[in-house]
1. Distance in nm between label sites at Phe62 and Lys26, each 7 Å beyond Cα in the beta-carbon direction?
2. As a quick test, which of the pairs Lys26/Lys52; Lys26/Lys66; Lys52/Lys75 have an alpha carbon distance above 20 angstrom in this structure?
3. So if each residue of separation counts as 0.36 nm, and I subtract the Cα-Cα distance between Trp76 and Ser16, what length gain in nm does that give?
4. Ordering Leu70, Leu47, Leu7 by accessible area with a probe of 1.4 Å, largest first, what comes out?
5. If I stretch the segment between Ile69 and Gln54 completely, what's the gain in nm (0.36 nm per residue apart, minus their alpha carbon distance), one decimal?
6. Which label marks the calculated value of Rg and Dmax of the Cα atoms in Å, given the options (i) 18.8, 68; (ii) 12.2, 43; (iii) 12.3, 33?
7. Run the helix sum for the chain: -39,500 (n - 2.57) per DSSP H stretch of 4+ residues, divided by residue count, reported at 222 nm to the nearest 500 deg cm²/dmol.
Amino acid sequence: MINVANLSQDFPIWISPEEYDTLKNKKHGGWSNCETQMEWMVKLHYLRKGFKEQKITREDFFQREKELILRWWSKWC
């Protein structure tokens, strides 16, 4: 199981590796467009994990994280 809220000790959000892979690979409307909160959490987790493992540059990370967050917020504002 993968905890997509890995910084939260009191409120972990566990997901199976299979569901994690399915959600991180969804691209309806572009990779940064998320249909559910769980998809959004998975993609943020995936992006942050990739940055921590130095798989993407700092600039790419901040741009992609910003796009994920702003697209999600725009659905609810």
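1. 2.9
2. Lys26/Lys52; Lys52/Lys75
3. Fully extending the segment from Trp76 to Ser16 adds 18.9 nm.
4. Largest to smallest exposure gives the sequence Leu7, Leu70, Leu47.
5. My answer for the length gained is 3.3 nm.
6. Recomputing Rg and Dmax of the Cα atoms in Å here picks out (iii).
7. -18000 deg cm²/dmol
The values are calculated or read from the model by the stated rules, or taken from the named source; none is laboratory data. In this text the structure is predicted, and so the values were computed from the model without any measurement. As a convention, Cβ positions derive from the backbone with ideal geometry for all residues, glycine included, and neighbour counts pool all protein chains shown. Heads up: the accessible areas ignore ligands, DNA and RNA and are worked out on the full protein's heavy atoms, side chains in. Shrake-Rupley method; radii C 1.70, N 1.55, O 1.52, S 1.80 Å.
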